[in-house]
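I have placed the structure first, in the form of structure tokens, so that the comments after it can refer back to it.
The values are calculated or read from the model by the stated rules, or taken from the named source; none is laboratory data. The model shown is predicted, which means the values in this text are computed figures rather than measured ones. Cβ coordinates were reconstructed from backbone atoms using ideal geometry, including for glycine residues, and neighbour counts include every protein chain displayed.
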Amino acid sequence: MPYGDLHKALRKEIGGSPVLPLGHSEGKRTVALLVPNASFGGAEKVVYAAARELKAAGYETHLFVLGTSRMDVIDEFDSSFDHIHFWDAGIPAWGGSGSFLGQDFIAEEHTVDWEALKGQLSGFDLVINNHVMAVHPLIARLRSEGTRTACYLHVVDNTAFKRPAGQPFAAIAHEHCYDAFLTCSEQLKIYLHSYGVPHEKVFAVANGASFSVPPKVLAEVLAVRRIERKGDRLRLLYMGRLDQQKGIDRLAATLAELRASNVPFDARAIGGEILADSSVSWSERLKDLGVDVRPPVFASKDLIKALGWADVLVMPSRWEGAPLMIAEAQQLGCVPITTAVGAVDELISDGEDGILIDAASDPQVVRGMARIIEEVAYNRERLAPLMEGCIRTAARRSWASSFSDFIAWSDRSVKNSSLSALRGLSCSSRRQIPWSRRSADCQAASLNRKV
């Protein structure tokens, strides 16, 4: 076959076009981590942490941003990836088939450019799909070619009628295509098992903080916290989207009740109305309640400053997975007061390193949260043991520990195709294909494809 036609044979063999010219670093396994967008959401931050741990374990890491052509850089994880790939057109986030338990997922008849997507994702030793629904139909094909496949899940959403929905159902429909699942909690692991996913396929990865605090900075923050401040007003912080899921209406009602009772406190809300799921401007409503409303912050130093200022983090969410914000607050001694939803109780031991509000209805949540805040505002001594509990809990957490079982599975199960490919080449044949000239997908064929 003429050298100039090699790319055609490769495309035909794998059923994808164009093919990513994947150049392995000698001796390294390759991993592709797939995300719909790369911003500052918790699901993305967890994948960045996974990439950092995999890279430390010797993997060549590739991030695929498949829903947008931009990425917001997070300083904590800015060296987690060896390569970053963008999908300019942006694949759809949701489907509309309703063919699995009435849930959405994207099927093969969708207008996604399947050939191009297959060409970009073929040849990796490990693929981790993080909430990219359009990739599910391709997973079985990738797996049949020798790629190990994993699916990372973070939360079960709710519809307006409180019906469970979201990414886990599309993943469960394709359970047979995946070698492993990762979840943010033991609760979600059990949830998957209730739909038939074997326990041994699921790794519960406990969430940690998305940023670290320099020891000197932490010592300064804790020194201030440990000073007796009986006469000071309680400092409340809300951080997150100003929307219904996060319970922004509950927050406003709680603060209104506290103001009506003349409870002494200062409040700050950091976030934006990203989803615009209400006709009410929550920013303006909070300002009317005397809240200092600020735009979202993302740099580690700004997050440390915000959480270091606050005595209490308030989270009145309607549903959650395992929010990173709780771990981030705890590591700075900021006491979380949050609704007992999702896997929040895996991050907080009630009365030891935070306070849980276990209530079903909105009025009950508002009354419970207002009562706790009022008690703490008038009895600052109650915060001290909670703050120390937060520090102890945070000291026991690490991403390395959380991912250890999954990394161990990967070491056993994921093949290193770079070694087998390089063994099949003579030194002279390697010299004939210099890296600097590999601009076409055909030129990577003999080195990198498992076909």
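If I ask for residues that are out of contact with any strand residue (DSSP E or B) (no Cβ under 6 Å at 6 or more places or on another chain) and not in a loop (DSSP other than H, G, I, E, B), which ones from the stretch 268-284 would you list?
Listed by number, the residues that qualify are W282, E284.
Restricting to the stretch 116-146, give me the number of residues that are among the hydroxyl-bearing types (S, T, Y) and either out of contact with any helix residue (DSSP H, G or I) (no Cβ under 8 Å at 6 or more places or on another chain) or modelled with pLDDT of 95 or more (or both).
Residues of the stretch 116-146 among the hydroxyl-bearing types (S, T, Y): 122, 144.
The next check asks that each one be either out of contact with any helix residue (DSSP H, G or I) (no Cβ under 8 Å at 6 or more places or on another chain) or modelled with pLDDT of 95 or more (or both); those that pass are 144.
Count: 1.
Check the stretch 254-267 and report whether any residue there is buried (at least 21 other Cβ atoms within 10 Å of the Cβ) and assigned to a loop (DSSP other than H, G, I, E, B).
no
Any residue at all in the stretch 289-297 that's over 25 Å from G333 (Cα atoms) and surrounded by 15 or more Cβ atoms within 10 Å (Cβ to Cβ)?
Yes, that holds for at least one residue.
Return the residues of the stretch 180-216 that are over 16 Å from the mean Cα position of the chain (by Cα), buried (at least 19 other Cβ atoms within 10 Å of the Cβ) and in a loop (DSSP other than H, G, I, E, B); say none if nothing qualifies.
V197, V213
With the checklist (1) crowded, with 23+ Cβ neighbours inside 10 Å; (2) within 24 Å of A49 (Cβ to Cβ) in hand, flag the one item G123 doesn't pass.
Unmet condition: (2).
Please enumerate the residues belonging to the stretch 33-81 that are more than 22 Å from L117 (Cβ to Cβ), touching a Gly at 6+ places or on another chain (Cβ under 8 Å) and crowded, with 21+ Cβ neighbours inside 10 Å.
A49
Can you pull out the residues in the stretch 190-208 that are closer than 21 Å to G41 by Cα and free of Cβ contacts under 8 Å to residues at least 40 places away in the same chain?
Matches in the stretch 190-208: A204 only.
Provide a single number: the residues in the stretch 393-411 that are among the aliphatic types (A, V, I, L, M) and closer than 30 Å to C334 by Cα.
Looking only at that region, the number is 3.
For Y238, only one of the following conditions fails: (1) of a type outside the set (D, E, K, R); (2) over 29 Å from G42 (Cα atoms); (3) part of a strand (DSSP E or B). What is its number?
(2)
Count, please, the residues in the stretch 385-403 that happen to be surrounded by 15 or more Cβ atoms within 10 Å (Cβ to Cβ), part of a helix (DSSP H, G or I) and not aromatic (F, W, Y).
Summing the residues that are surrounded by 15 or more Cβ atoms within 10 Å (Cβ to Cβ), part of a helix (DSSP H, G or I) and not aromatic (F, W, Y) in the stretch 385-403 gives 9.
Considering only the stretch 289-300, I want to know if a residue exists there that is in a helix (DSSP H, G or I), in contact (Cβ under 8 Å) with a residue 24 or more places away in the chain and not assigned by TED's automatic domain parsing to the domain that holds G42.
yes
Quick check on the stretch 16-26. Is at least one of its residues surrounded by 18 or more Cβ atoms within 10 Å (Cβ to Cβ), of a type in the set (G, A, S) and out of contact with any Pro (no Cβ under 8 Å at 6 or more places or on another chain)?
Pass one, the stretch 16-26, residues surrounded by 18 or more Cβ atoms within 10 Å (Cβ to Cβ): 16, 19-22, 24.
The next check asks that each one be of a type in the set (G, A, S); those that pass are 16.
Adding the requirement that they be out of contact with any Pro (no Cβ under 8 Å at 6 or more places or on another chain) leaves 16.
There is at least one residue in the stretch 16-26 that is surrounded by 18 or more Cβ atoms within 10 Å (Cβ to Cβ), of a type in the set (G, A, S) and out of contact with any Pro (no Cβ under 8 Å at 6 or more places or on another chain).
Any idea how many residues of the stretch 154-184 are in contact with a strand residue (DSSP E or B) (Cβ under 6 Å, 6 or more places away or on another chain), over 20 Å from Q244 (Cβ atoms) and in contact (Cβ under 8 Å) with a residue 60 or more places away in the chain?
Summing the residues that are in contact with a strand residue (DSSP E or B) (Cβ under 6 Å, 6 or more places away or on another chain), over 20 Å from Q244 (Cβ atoms) and in contact (Cβ under 8 Å) with a residue 60 or more places away in the chain in the stretch 154-184 gives 5.
Which of the following residues is basic (K, R), without any contact (Cβ under 8 Å) to a residue 60 or more places away in the chain and more than 21 Å from V341 (Cβ to Cβ): R285, R235?
R285
Every residue, every condition in (1) over 25 Å from P363 (Cβ atoms); (2) without any contact (Cβ under 8 Å) to a residue 60 or more places away in the chain; (3) of a type outside the set (S, T, N, Q), yes or no:
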residue: V217; (1), (2), (3): yes, no, yes
residue: R241; (1), (2), (3): no, yes, yes
residue: L258; (1), (2), (3): no, no, yes
residue: G271; (1), (2), (3): no, yes, yes
residue: S279; (1), (2), (3): no, yes, no
residue: L324; (1), (2), (3): yes, no, yes
residue: C334; (1), (2), (3): yes, no, yes
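In the list G98, G58, which residue meets the criterion of being more than 15 Å from the chain's Cα centre (by Cα) and modelled with pLDDT under 80?
Sole residue among the options that is more than 15 Å from the chain's Cα centre (by Cα) and modelled with pLDDT under 80: G98.
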